[in-house]
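The values are calculated or read from the model by the stated rules, or taken from the named source; none is laboratory data. Keep in mind the model is a prediction, meaning the values are calculated, not measured. All Cβ positions, glycine included, derive from the backbone under ideal geometry; neighbour counts span all protein chains shown.
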Amino acid sequence: MPDTPRGGPGRRRLIRLGVGLAALLLLGVGTVGVLRSRHTGGNTPTGDPAAGGTPSAAPSTSPSPTPEPGADITGPLTLLLVGVDTRISVPGWEPHADAVLVLHVARGLDRAYLYSLPRDLVVDIPAFAPARFPGQRTKLTHAMSYGSRVPGRRDSPDPAQGFRLLEQTVLRYTGIKRFDAGAVLTFGGLTKLVDAVGGVDLTIDQRVVSKHRRPDGSHRKLVGGDYVGPQMVYQPGPRHLVGWQALDYARQRYITGGDYSRQRHQQQLIKALVAKMLDQGLARDAERLEAVVRSLGDALIPVTGGRRIIDFGYALSRLPPAAITLVSLPGHGVGRGAGYRGEALDAIGVQFLAELRAGRADAFLTAHPELVVKD
């Protein structure tokens with residue numbers, strides 16, 4: 001039977017949080033910009049089976065046990081997690097979605113599937129009134145930038161607004177009914193986060209030569225449109241990466257396999273971060289988790305409030321890293337040379353999306369093990 005989104009009593013349409021879930025599950029591509037959740041009460045979307053919630057228990061003469069944080073957060077959950085270019089801090093720069101990932105957590109919060117959509121995937125971006133965008137068939141990455149445009153404010157793009165258009169675009173493409181939470185992430189906070197947990201352990205699956213960094217971590221100089229100087233090299237095998245190395249490694253796409261390999265490396269890094277956080281008990285340590293968030297400083301872009309960070313930390317701490325399946329969706333180029341338009345998923349990738357919606361992902365991946373990414 002297909003999973004049906006559920007949550008605590010009266011799930012709200014999408015209340016933004018500063019960090020929480022994305023800090024636990026996707027800070028492998030950057031810093032949280034926006035985190036949204038429906039698990040905080042308010043209006044329930046039409047057709048939501050969680051409407052009404054659970055009646056309160058009758059008064060008792062003895063005190064009832066205090067439920068742990070996030071006890072009412074249940075699955076299945078579908079999350080949209082977006083990594084944007086660091087130049088979001090440059091006035092007038094429109095944030096592009098460099099990484100678009102979807103995490104589906106099963107009903108019991110005991111297993112999950114993480115997959116990426118190519119940044120250059122050719123999609124239909126719908127019209128979006130807040131940005132006066134008429135709609136266009138183009139690359140997925142542009143949905144974030146087009147949606148972030150604020151009429152009358154050319155030098156002040158709005159990433160949260162851009163996320164809304166990207167969300168609508170991904171929903172239309174994948175057939176997902178709605179997202180339970182989401183986050184906009186920038187590259188800037190990754191170094192601080194990885195260093196805050198003592199680095200991450202990752203098995204590098206191919207030789208990666210950095211376009212952006214020297215071996216000592218300093219930036220290579222840009223001369224005449226090309227980077228020059230010695231290059232950091234990541235050799236295959238088990239490695240311990242500190243913050244700048246994790247960011248640099250996850251950014252490289254001029255490698256064997258191109259952007260599809262970069263998607264795989266980002267997924268592997270996310271899983272490694274989750275493992276490190278859970279191993280340290282960070283997800284269930286409110287004081288330390290809040291300290292990590294504070295350490296991100298200006299790299300964090302919070303929007304409004306809602307649930308406490310620790311609620312999501314507790315709820316998802318029940319999800320062991322080994323139960324997160326990384327899924328690779330193969331694709332191919334559309335057009336060639338000067339006529340290149342972008343990417344399209346192969347038929348098997350499109351079929352996976354349908355099987356996941358139907359609750360048959362396990363059986364499908366058993367029949368197609370080539371889609372499962374090794375970590």
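A few points about this structure:
- Remark: pairs (first residue in the stretch 179-208, under 20 Å from Gly258 (Cβ atoms); second residue at pLDDT 75 or above and of a type in the set (Phe, Trp, Tyr); Cβ separation under 6 Å; 6+ apart in sequence or on different chains) = Ile204/Tyr234; Val208/Tyr234.
- Reported count of residues in the stretch 165-201, each being in a helix (DSSP H, G or I) and touching a helix residue (DSSP H, G or I) at 6+ places or on another chain (Cβ under 6 Å), is 14.
- Filter pass, Arg251 being under 24 Å from Asp346 (Cβ atoms), in contact with a Lys or Arg (Cβ under 9 Å, 6 or more places away or on another chain), at pLDDT below 90 and not aliphatic (A, V, I, L, M): no
- Within the stretch 185-201, the set of residues being over 11 Å from Val242 (Cβ atoms) and surrounded by fewer than 17 Cβ atoms within 10 Å (Cβ to Cβ) comprises just one member, Asp201.
- Residue check for Tyr227: aromatic (Phe, Trp, Tyr), at negative phi, touching a Phe, Trp or Tyr at 6+ places or on another chain (Cβ under 7 Å) and modelled with pLDDT of 85 or more: no
- Residue count for the stretch 202-217, restricted to those that are in a loop (DSSP other than H, G, I, E, B) and exposed (fewer than 12 other Cβ atoms within 10 Å of the Cβ): 3.
- Only listed residue being over 26 Å from His332 (Cα atoms), surrounded by fewer than 23 Cβ atoms within 10 Å (Cβ to Cβ), without any contact (Cβ under 8 Å) to a residue 60 or more places away in the chain and of a type in the set (S, T, N, Q), chosen from Gln168, Gln161, Gln136: Gln161
- Residue selected from the stretch 76-98 under the condition surrounded by fewer than 23 Cβ atoms within 10 Å (Cβ to Cβ), of a type outside the set (D, E, K, R) and in a loop (DSSP other than H, G, I, E, B), by the criterion modelled with the highest pLDDT: His96
- Considering only residues in the stretch 302-336 that are among the small types (Gly, Ala, Ser) and at pLDDT 80 or above, the one that is farthest from Pro67 (Cα to Cα) turns out to be Gly335.
- Residue that is modelled with the highest pLDDT, among those in the stretch 353-373 that are under 20 Å from the mean Cα position of the chain (by Cα) and not in a helix (DSSP H, G or I): Val372
- Taking the conditions (1) among the hydrophobic types (A, V, I, L, M, F, W, C); (2) at pLDDT below 85; (3) more than 26 Å from Ala323 (Cα to Cα); (4) surrounded by fewer than 19 Cβ atoms within 10 Å (Cβ to Cβ) in turn, Ala286 satisfies each one other than (3).
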